[in-house]
Amino acid sequence: MGLLTIFSAKGGCGASLIATNLAVSLARAAPTVLIDLHAQQGTDDLLLDLRPGHAWPELLPVAPELTDRHIELVGCRHAEGLVLLAAPTSLPADHAQDMRTRLLLDALARRVAWVVVDALSGSWSPTCAEISDTQLLVTTADPPALRCARRLLNVRPPAGDSRVGLVLNQFSRGQPASASDLADSLGCPLLAVVPVDPRGVGYQVNFGHPCALDRQSALGRSMMALARRLVAGGSRRPETSPALASTAGRSR
Ligand SMILES: Nc1ncnc2c1ncn2[C@@H]1O[C@H](COP(=O)(O)OP(=O)(O)O)[C@@H](O)[C@H]1O
Ligand SMILES: [Mg+2]
């Protein structure tokens, strides 16, 4: 259990696809909240075919005394049990560094087993770096994406206990280097290698059907496998809300 931040060094690498599918996969095992930090540019609702009526900043004023009821009221529940805290249509650009956002993420992590943060691309969020258990840096293996990833890793903040792991997305056999060589060259442990999956991804992007629920989807299978490893890895946040726990895993 814990707080996982998904981000990328440049847009378009697949961070939102990884975040939504990892969250759906984790929600099958334990109560999970996915929070989409992309003000004005959030797409996680579309990727999950949800129509949220609220957005996560509505929780900021109640963050210090957050309850399950608050999460249910502002969140949008997916059929698989996952709760999405959707992106707002507008917000100040520095919201991710806002102390209240940190309070909210911390409060969420105390109430549910897994908090998956779909974070902004292109920079480190000091808040996420400080309070995440793991930050998953999603990159593709093309030179522009790898260069951006390397530059970002070179300015990695020294904050907190958070560990950083690499998710190599859209990886195919034709790449000039192996996945583990690429991870070694970036100096970042390899958490997952995700193949190109035009059919499964196309179905999710166009119809909001998560790859993780599609047995034929290579991306979905790889996220289910990563979720199993994370679940098996245990927790440093033991207390989980009984009310939200009762709704987890209902579609298994
Ligand atoms: N494994 C994959 N297989 C096929 N297409 C992919 C894959 N991962 C990402 N894509 C493509 O990349 C696009 C951007 O993905 P997205 O998750 O929105 O990226 P980000 O959140 O990093 O900007 C998707 O709409 C899809 O077309
Ligand atoms: Mg995105």
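The values are calculated or read from the model by the stated rules, or taken from the named source; none is laboratory data. What you see is a predicted model, and the numbers here were worked out from it, not measured in a lab. Cβ placement follows ideal geometry from the backbone for every residue including glycine, while neighbour counts extend to all protein chains displayed.
Worth pointing out:
- Summed over the range 110-137, the residues that are within 13 Å of ligand 1 (Cβ to nearest atom) and surrounded by fewer than 17 Cβ atoms within 10 Å (Cβ to Cβ) give a count of 1.
- Single unsatisfied condition, L48 versus (1) at pLDDT below 95; (2) within 22 Å of N206 (Cα to Cα): (1)
- Residue check, S123 of a type in the set (S, T, Y) and either outside any loop (DSSP other than H, G, I, E, B) or over 22 Å from L85 (Cβ atoms) (or both): no
- When the residues of the range 138-147 are filtered to those that are more than 11 Å from ligand 1 (Cβ to nearest atom) and not small (G, A, S), the one that is surrounded by the fewest Cβ atoms within 10 Å (Cβ to Cβ) is P143.
- Failed criterion for A39 (all others in (1) more than 16 Å from ligand 2 (Cβ to nearest atom); (2) assigned to a loop (DSSP other than H, G, I, E, B); (3) over 24 Å from H209 (Cβ atoms); (4) not polar (S, T, N, Q) hold): (1)
Here is a yes/no grid of residues against (1) of a type outside the set (A, V, I, L, M); (2) at pLDDT below 95; (3) over 27 Å from G233 (Cβ atoms):
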position: R156; (1), (2), (3): yes, yes, no
position: D161; (1), (2), (3): yes, yes, no
position: L166; (1), (2), (3): no, no, no
position: G174; (1), (2), (3): yes, yes, yes
position: D184; (1), (2), (3): yes, no, no
position: A192; (1), (2), (3): no, no, no
position: P198; (1), (2), (3): yes, no, yes
position: G202; (1), (2), (3): yes, no, yes
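- Residue within the range 56-73 that is in contact with a Ser or Thr (Cβ under 9 Å, 6 or more places away or on another chain), within 12 Å of ligand 2 (Cβ to nearest atom) and not polar (S, T, N, Q) present: no
- Count of the range 17-36 residues, restricted to those that are touching a helix residue (DSSP H, G or I) at 6+ places or on another chain (Cβ under 6 Å) and within 16 Å of ligand 2 (Cβ to nearest atom), is 7.
- The range 67-87, subset part of a loop (DSSP other than H, G, I, E, B) and crowded, with 18+ Cβ neighbours inside 10 Å, residue modelled with the lowest pLDDT: E80
Quick grid of which residues meet (1) hydroxyl-bearing (S, T, Y); (2) in contact with an Asp or Glu (Cβ under 9 Å, 6 or more places away or on another chain); (3) within 30 Å of A225 (Cα to Cα):
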| site | (1), (2), (3) |
| --- | --- |
| A30 | no, no, yes |
| L46 | no, no, yes |
| E65 | no, no, no |
| I71 | no, no, yes |
| G75 | no, no, yes |
| R111 | no, yes, yes |
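- Residue in the range 47-63 that is within 26 Å of C148 (Cβ to Cβ) and either in a loop (DSSP other than H, G, I, E, B) or touching a helix residue (DSSP H, G or I) at 6+ places or on another chain (Cβ under 7 Å) (or both) present: yes
- Count of the range 176-215 residues, restricted to those that are within 16 Å of ligand 2 (Cβ to nearest atom) and either aliphatic (A, V, I, L, M) or crowded, with 20+ Cβ neighbours inside 10 Å (or both), is 6.
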